[in-house]
Amino acid sequence: ELRYPRRLNCVTHFLDRWIAEGRGHALCLIGEHESLTYRQLFEWVNRIANVLVHRLGLKPGNRVLLRSGNTPMMVATYLAVIKAGGIVVATMPLLRAREIAYPLNKARIRIALCDRRLSAEMEGARAHAPGLEEVVYWGGGPGSLEALMEAESPAFTAADTAADDVCLIAFTSGTTGEPKGAMHFHRDMLAICDTYARHVVRAGPEDRFIGSAPFAFTFGLAIILFPMRVGGSAVVLEKAGPEELAQAIGRERATVCFTAPTAYRAMLGKLAAYDLSSLRRCISAGESLNRATFDNWKAATGLTLLDGIGGTEMLHIYLASPEDEVRPGATGRPVPGYEARVVDEHGKEVPPGTVGRLAVRGPTGCRYLGDSRQTTYVKDGWNYPGDSYVMDEEGYFWYQARCDDMIVSSGYNISGPEVEAALLRHPGVLECGVVGAPDPDRGIIVKAYVVPAPGAAADAAFAKALQDFVKAEIAPYKYPRAIEFVTSLPKTASGKIQRFALRRHAAE
Ligand code: 3SK
């Protein structure tokens, strides 16, 4: 069990402790334009905390909006807000003015710190957020954060916060409605390091972390908090597409990589051009990892991709397995410190081998900021992330689909993404989306929307061929009884298929 002092400011455990232990000279952050030792970061953080308290009037519990890509200054402002007793509300760099205004108003934010390169949307957001009083930009010039820092002391005593004080409000992406603000405590920031990172990643001070997730997405916290918990270092990349990531791994000799399966797939195609020999741990999360990516990565690099599932509400990863316990194709087992089970629609645990809803609990969990959707996510002390899973006899959890993407047809639970994966193995299918569609005889049937590959005929004969193909690939009862050919699929800005739009279309 994790035990933390009742009074706790988590930044002292990530930063101040290394100074006190005489390790301030160790490299902490490797940025694209500057690198910082622990002592240098400590002094940046202290100066910014002084600016927040003395120049901007921050009081303990005040929320501060941060807007930046992944840079050393983003890390410094993040830690400074928390060290000063404030609450970080970090936003994705690509958000537009109205999207920035939502957390500003919802979290009643008075102060914002922002990279000057993102000033246009920040200024636009001001018009929609009357409570926002102070916006300080960094990026140089008079009145900039750097100028204010110059005038402040490099010493600052951490605010005397409680372990259960909120230090972060992470807003969800809002793909299923208005974004929700998930609140996390000081102790949660340590807990993700002392559970998942300690037992699964197993990193030490010699490790150098790298990754592509923005720090505003809690997945990205792994890149900075995990190494800082053990005195290691982090490569901080502002632009971290697969090419930049692979290049930086080689240049900086990174040892631990956190990114999504799509990035591993993209890097696979370019391995000859890059030196990834420094890597010893590769973590895959953010979307489900398919078996082919796992196998191909292993064959090409000799490294095991460590799959995992986490969430903004839970702060980080709660199902995963360490390298020596990985079961290819399974997400993993509950991270030590967490419990997980698969339940039916009444919340009753189902036997191994049965599809149901994942329920999880542990040291971190969902606490939404003023949102009635809290009672949908948390019931009887269990969190319901919205994924359907099967647990096997050995306690490994096998991902099926998002609960919304599970199709219950003729008494069978059928995973839409599994049928999609089968269809995509046919060379005549370019893209597809599979959902449940109402049917007068059968209640719900499996329906596939298919974008044919160039040269494939969108006709009844091809539809029949696809149905037969799926029956031969996976259990025949999963085959799509209806197939509609389309020229494109509805997608989110980040390229994910909007199955809810297909479901709506299928119900019309
Ligand atoms: O699995 C995810 O998408 C996730 C979300 C937040 C934090 C960590 C992870 C892996």
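The values are calculated or read from the model by the stated rules, or taken from the named source; none is laboratory data. The model shown is predicted, which means the values in this text are computed figures rather than measured ones. Please note: Cβ atoms are built from the backbone with ideal geometry, for glycine as well, and neighbour counts cover all protein chains shown. For the accessible areas, the whole protein counts, side chains as well, though only heavy atoms, and no ligand, DNA or RNA atoms are used. Shrake-Rupley method; radii C 1.70, N 1.55, O 1.52, S 1.80 Å.
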Legend entry - Phi-based couplings in Hz for the range 255-262 (Karplus 6.51, -1.76, 1.60; Gly and Pro marked x): 10, 10, 10, 10, 7, 8, x, 4
Inset, instruction - Just order 365-371, 110-116 by mean Cβ neighbour count inside 10 Å, highest at the front, would you? - result: 110-116, 365-371
Legend entry - Rh (Kirkwood; distinct C-alpha pairs) - the range 46-94, Å: 10.7 Å
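Which net charge results when you count Lys and Arg as +1 and Asp and Glu as -1 among the other residues whose beta-carbon is under 15 Å from that of Ala463?
Details: positive: Lys447, Lys464, Lys471, Arg481; negative: Asp459, Asp468, Glu484.
Here the count lands on +1.
Counting residues in the range 383-480 as N, plug N into 2.2 N^0.38 Å and put the Cα Rg over that result.
On the way: Rg = 14.6 Å, N = 98, 2.2 N^0.38 = 12.6 Å.
Dividing the Cα Rg of the range 383-480 by 2.2 N^0.38 Å gives 1.16.
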Inset, instruction - Can you list which of the trypsin sites (Lys or Arg not before Pro) found in the range 1-49 are DSSP loop residues with at most 16 other C-beta atoms within 10 Å? - result: Arg3, Arg6, Arg23
Inset, instruction - Could you check how much of the accessible area of the range 401-450 is carbon and sulfur, as a whole percent, using a 1.4 Å probe? - result: 51 percent
Inset, instruction - Kindly write out, for the range 355-363 in residue order, the coupling ³J(HN,Hα) from the Karplus curve 6.51 cos²θ - 1.76 cosθ + 1.60 (θ = phi - 60°), rounded to whole Hz, with x marking Gly and Pro. - result: 6, x, 8, 7, 10, 9, 8, x, x
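Which of rounded, prolate or oblate describes the range 89-200 when judged by the alpha-carbon gyration tensor and an a/c cut-off of 1.5?
Details: a/c = 1.93, a/b = 1.16, b/c = 1.67.
Oblate, because a/c is 1.5 or more while a/b does not exceed b/c.
On average, how much accessible surface per residue is there in the chain, in Å², for a 1.4 Å probe, leaving out ligands, DNA and RNA? Provide the component values of the computation, followed by the final result.
On the way: 21250 Å² over 508 residues.
Averaged over the residues of the chain, the accessible area is 42 Å².
With Cβ to Cβ distances under 13 Å as the rule, what net charge do the other residues near Pro205 carry (K, R +1; D, E -1)? Kindly include the intermediate steps, with their values, before the conclusion.
On the way: positive: Arg17, Arg23, Arg202, Arg208, Arg229; negative: Glu21, Glu206, Asp207.
Once all neighbours under 13 Å are counted, the net charge is +2.
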Legend entry - Cβ-defined net charge surrounding Met149, 11 Å radius [Lys, Arg +1; Asp, Glu -1]: -2
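For the pairs Lys59/Lys83; Lys348/Lys379; Lys180/Lys348, flag any whose C-alpha to C-alpha distance is greater than 18 Å. Before the final figure, lay out each step's value.
Details: Lys59/Lys83 12 Å; Lys348/Lys379 12 Å; Lys180/Lys348 27 Å.
The answer is Lys180/Lys348.
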Legend entry - Global geometry of the range 406-455, whether rounded, prolate or oblate, following the gyration tensor of its Cα atoms and the 1.5 cut on a/c: prolate
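Please sort 449-462, 208-221 by packing, taking for each peptide the average over its residues of neighbouring beta carbons within 10 angstrom, highest first. List each step's numbers first, then the result.
Details: 449-462: 14.6, 208-221: 23.6.
Answer by packing, highest mean first, reads 208-221, 449-462.
Is the C-alpha gyration tensor of the range 323-389 telling us rounded, prolate or oblate? Criteria: a/c under 1.5 is rounded; beyond that, a/b larger than b/c is prolate, otherwise oblate.
Details: a/c = 2.39, a/b = 1.46, b/c = 1.63.
Verdict is oblate for the range 323-389.
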Legend entry - Reachable aspartates and glutamates from Lys471, criterion Cα separation under 14 angstrom, eight or more residues apart if same chain: Glu418, Glu420
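Computing the accessible area with a 1.4 Å probe over protein heavy atoms, can you report the carbon and sulfur percentage for the range 250-329? Each step should come with its number before you reach the end.
Details: 1440 of 2990 Å².
Answer for the range 250-329: carbon and sulfur cover 48 percent of the accessible area.
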Inset, instruction - Pull up the cross-link candidates among the lysines for Lys298, meaning alpha carbon to alpha carbon under 17 Å and not fewer than 8 places away within one chain. - result: Lys270
Inset, instruction - Could you list which residues have their amide H under 5 Å from that of Trp138, counting only those 5 or more apart in sequence or on another chain, with H placed in the peptide plane? - result: Cys114, Asp115, Arg116, Leu145
Legend entry - Kirkwood Rh and Cα Rg combined as Rg over Rh, evaluated for the range 135-226: 1.04
Legend entry - Potential extension, Asp324-Glu244 segment - 0.36 nm per residue separation minus Cα distance: 25.8 nm
Inset, instruction - Could you estimate the translational diffusion coefficient of the range 277-400 from the Stokes-Einstein equation, with Rh from the Kirkwood formula over C-alpha pairs, at 10 °C and 1.306 mPa s, in whole µm²/s? - result: 104 µm²/s
Inset, instruction - May I ask for the distance between the Cα centers of the range 434-501 and the range 139-158, given as a whole number of Å? - result: 57 Å
Inset, instruction - Have a look at Pro417, Gln400, Val390 and report the one farthest towards the positive end of the charge dipole of the range 380-427, computed about the Cα centre with Cβ charges (Lys/Arg +1, Asp/Glu -1). - result: Pro417
Legend entry - Gyration tensor (Cα) of the chain, equivalent ellipsoid semi-axes in angstrom: 41, 25, 23
Legend entry - Karplus-derived HN-Hα couplings along the range 418-431 (A = 6.51, B = -1.76, C = 1.60, θ = phi - 60°), whole Hz, x at Gly and Pro: 5, 5, 4, 4, 5, 4, 5, 6, 7, x, x, 10, 8, 8
